[in-house]
Amino acid sequence: MYTGTASLRDGLQPDTGARTPIGAAGLAAMPRAARIASWLAAGWIAWELGYYEQYKLTGAEGSVHLFGILSDWLGTPGGEKPFRLFVAVQEIVGAILVLLPWTRVPGAALSFATMAGAIFFHTVSPLGIDPYGDGGVLFKEAVFTLLMSALILVLHRREVPGWLARLPWIGARLR
């Protein structure tokens, strides 16, 4: 029973006082099917985010066009390149973090936030869901990647409070 001495910051579960494994230990404590699902979801996210970096980082015409539309729509004409490169770096970091078992939760959270932003901008901006006229492949991939990120966060839900407690602006509130 919880005595009030354990805190989420310490990685302790309030109901039992038992330490919640974080990272690779958390992955090892999961049932086999959940571990496999976590690895498959992480592989998809890393591949998906990594695949599109070749277009963002090299300034491919389609990528420049999409980020140019967003930049103009946001009222920052000419800001396409910094915006595109910022998203590229964010996706690279997310892809690396999600592949490493000890940083899978923050990687999935970053991937979730990135894909939520992509979906938001595709639905409310002039980009639209099908900017290339290919049936919305890019949008569908963003939605699937968002779902895979959510799956990882659900599978690792017991680790989330421990990770949140490490953030200075949230951790103090969890004590």
Multiply the residue separation of Glu61 and Trp39 by 0.36 nm, subtract the distance between their alpha-carbon atoms, and state the gained length in nm to one decimal. 4.6 nm
So if we plug the beta-carbon distance of Lys140 and Arg166 into 1/(1 + (r/R0)^6) with R0 = 45 Å, what FRET efficiency do we get, rounded to 0.05? 0.85
Size of electric dipole in region 19-175: Cβ of Lys, Arg +1 and of Asp, Glu -1, about Cα centre, debye, nearest 20: 1080
Local electrostatic count at Val105 - Lys and Arg +1, Asp and Glu -1, tallied over other residues with Cβ under 15 Å: +4
Report the one residue of Pro161, Phe83, Ala109 whose Cα lies farthest in the direction of the positive end of the charge dipole of region 57-175 (charges on C-beta: Lys and Arg +1, Asp and Glu -1; origin at the Cα centre). Pro161
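In debye to the nearest 20, how big a dipole does region 104-159 give about its Cα centre with +1 on each Lys and Arg Cβ and -1 on each Asp and Glu Cβ? Show your work: numbers first, answer last.
On the way: 4 positive and 4 negative charges, 65 e Å.
Magnitude of the dipole: close to 320 debye.
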HN-Hα couplings for region 122-139 via Karplus (6.51, -1.76, 1.60; θ = phi - 60°), in whole Hz with x for Gly/Pro, come out as 5, 8, 10, 9, x, 4, x, 6, 10, x, 9, x, 10, x, x, 4, 4, 5
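Can you give the translational diffusion coefficient of region 66-175 in µm²/s, computed by Stokes-Einstein from the Kirkwood radius over Cα pairs at 25 °C and 0.890 mPa s? Display every interim value, and only then the final one.
Working: Rh = 15.4 Å.
Stokes-Einstein gives a translational diffusion coefficient of 160 µm²/s.
Read-outs throughout are calculated quantities, based only on the coordinates presented, and are distinct from any laboratory measurement. Since we're looking at a predicted model, the values are computed, not measured. We place every Cβ from the backbone using ideal geometry, glycine too, and count neighbours over all the protein chains shown.
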